[in-house]
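Right, one structure below, let's go through it.
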C-alpha cells in the first residue's frame, strides 16, 4: 500500500505495481552510460598520451565506483527507503546534513547531469543536422522525458528498460562494427615509459580522474528508488553491483576501440568523440548515421535521471511540511510535481551554463556528497552494530577506504586547482543550509501557533 502525501495529511491509494529488478538495473546502467564516456577522452588526451594510462584511468574509476556501490548496497539494505544520500545521511548524521545532502542531490546530482546529457545529445544530433539549435533540442528532450515519466510507474519502468536495452545493444554493436571495419588500427604503445609513469603522478591525471569519476556517476541511482522495489533488501545489492560491473566492462571496451580507431590528435580537446571515431572508421556518411545513433544512446540517460532524481524531492517533502507539495503522488504512483521541479532546474542550466563549468562543479559536489555518505558505513557499524544488515560490504573495510582515499585525493586537487568551481559548489551547500533553517523556522512557528 502506497501513500499520497498532500495538504498536510496522508491517505491510502490503491497499490501500484513496484519497479521490477530489470527496471532498477536499467536505471543504474543508463545513469552511468551517458555524457562522460562520449566526451571525457577528448579532455584526457590533451595532457595524457599513453593508452595504458588512459585505460588504467577507466579501470580505476570502475573500481572506485564498484567500491561505492558495495557500500551503498549495505546502507540501502539496512535502511530500505527511497531518497539515496538524503535518506542515508539523515539517518546517520542528522536532519541538517541530510537535508543539505538531499538539496545537493536534487539540485546538482540529477538536474546538472540531465542538462549535460541533453546538451551532448543535441550536440551529436547537430553534427548530423546542423540546422538544429543545441539549446532548443536539449530543452525539448528534457521536456519529452519529463512528460513520459509523469504518466505512471509502469510506463516509466517500461520506457526506461526499453531504451537501456537499446543502448547496450548499440554500444556492443558499435564496438564490433568499428573493430570489423577498421582497415588500419592506430598503432598504440602499451608499454609504461618513464613519461607515462610520470603522468600518473601529475595534475593532469587528477583532472582526468575527475572526468572519469563523473562518467561513472550514477552507480548509486537505484538507491533513490529503494522504497519502490518489491524486495529492496535482496534486489538492491545485486542491481548496484551488477550494473556497475557491466558498465566498467563496457567503458574499457569502448575506450580501447576509440584509441585504436582515431589518432589522439584528432580527438584531443574535442567533445564529440564518438562522431570523430565514426568518421575515421565509417567515413562521412557512416559518421552521420553514427551521430544519430550516439545521440539516441543519451535518451535513456536523460530518461533514467528524470525517473530517479525527483524521488529525493519527494522524500524530503514527506519529512518537511513546508515541502509537502513535492511529495504528492499522482494516480500512476509517481511524484509529478517533484519531476517537473527537477525539469525546471535542468532547463535553467541548459540555457545559463557552459558544459565544462557544469561538469567540474557537479563532479566536485557529487564526489563530496558520496564520500560523506560512505563515511556513514563506518559510523553506522560503530554506533549501531546490532542493526540487521541483509547485505554487508565484502572485504570490509577495504572498499570504503579505497573510495574515500581516491575521492579525497581528487577533491583536494580540485580545491587547489579549480577554486572557482569549488567555491560555487560550497555556495550551493550554504544555500542548502539556509533553506533548511528557513524550513525549520517555519515549522517551529507552525508548532507554536498550534500550541
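Residues in the stretch 257-275 that are in contact with a helix residue (DSSP H, G or I) (Cβ under 7 Å, 6 or more places away or on another chain), part of a helix (DSSP H, G or I) and touching a residue at least 24 places away in the same chain (Cβ under 8 Å): 257, 258, 259, 261, 267, 273, 274, 275. Only residues that are within 14 Å of the chain's Cα centre (by Cα) and farther than 25 Å from residue 391 by Cβ: list them for the stretch 73-109, please. Passing the criteria: 104, 106, 107, 108. Does residue 111 satisfy the criteria of being part of a helix (DSSP H, G or I), under 21 Å from residue 33 (Cβ atoms) and either out of contact with any strand residue (DSSP E or B) (no Cβ under 8 Å at 6 or more places or on another chain) or at pLDDT 85 or above (or both)? When the stated conditions are applied, residue 111 passes them.
Total residues in the stretch 281-292 satisfying the condition of being surrounded by fewer than 20 Cβ atoms within 10 Å (Cβ to Cβ) and touching a helix residue (DSSP H, G or I) at 6+ places or on another chain (Cβ under 7 Å): the figure is 4. For the stretch 123-143, filtered to residues that are in a helix (DSSP H, G or I) and free of Cβ contacts under 8 Å to residues at least 40 places away in the same chain, the residue that is farthest from residue 271 (Cα to Cα) is 140. Taking (1) at pLDDT 80 or above; (2) in a helix (DSSP H, G or I); (3) within 26 Å of residue 187 (Cβ to Cβ) in turn, residue 290 satisfies each apart from (1). Take the conditions (1) outside any helix (DSSP H, G or I); (2) farther than 27 Å from residue 21 by Cα; residue 199 misses just one of them, which is (1).
Filtering the stretch 31-63 to residues that are outside any loop (DSSP other than H, G, I, E, B) and either within 14 Å of the chain's Cα centre (by Cα) or without any contact (Cβ under 8 Å) to a residue 24 or more places away in the chain (or both) leaves 31, 32, 35, 36, 37, 61, 62.
For the stretch 181-196, a tally of residues being in contact with a helix residue (DSSP H, G or I) (Cβ under 6 Å, 6 or more places away or on another chain), modelled with pLDDT of 80 or more and not in a loop (DSSP other than H, G, I, E, B) returns 1.
Within the stretch 190-203, residues that are under 12 Å from residue 51 (Cα atoms) reach partners that are at pLDDT 80 or above and exposed (fewer than 13 other Cβ atoms within 10 Å of the Cβ) with beta carbons closer than 9 Å, at six or more positions or on different chains, in the pairs 196/189. Every condition in (1) within 13 Å of residue 259 (Cα to Cα); (2) in a helix (DSSP H, G or I); (3) at pLDDT below 90 holds for residue 86 except the one numbered (1). Considering the stretch 397-412, the residues that are surrounded by fewer than 16 Cβ atoms within 10 Å (Cβ to Cβ) and either at pLDDT below 85 or in a helix (DSSP H, G or I) (or both) include one that is farthest from the chain's Cα centre (by Cα), namely 398. One residue alone among 96, 141 is farther than 15 Å from residue 365 by Cα, surrounded by 18 or more Cβ atoms within 10 Å (Cβ to Cβ) and modelled with pLDDT of 85 or more, and that residue is 141. Within the stretch 229-242, the residues that satisfy the criterion of being assigned to a helix (DSSP H, G or I), in contact with a helix residue (DSSP H, G or I) (Cβ under 7 Å, 6 or more places away or on another chain) and within 26 Å of residue 329 (Cβ to Cβ) are 232, 233, 235, 236, 239, 240. Screening the stretch 438-451 for residues that are under 18 Å from residue 96 (Cβ atoms) and surrounded by 12 or more Cβ atoms within 10 Å (Cβ to Cβ) and picking the one that is modelled with the lowest pLDDT gives 443.
The values are calculated or read from the model by the stated rules, or taken from the named source; none is laboratory data. From a predicted model like this one, the values you see are computed outputs, not experimental measurements. For neighbour counting, all protein chains shown are included, and Cβ atoms are generated from backbone atoms with ideal geometry for every residue, glycine included.
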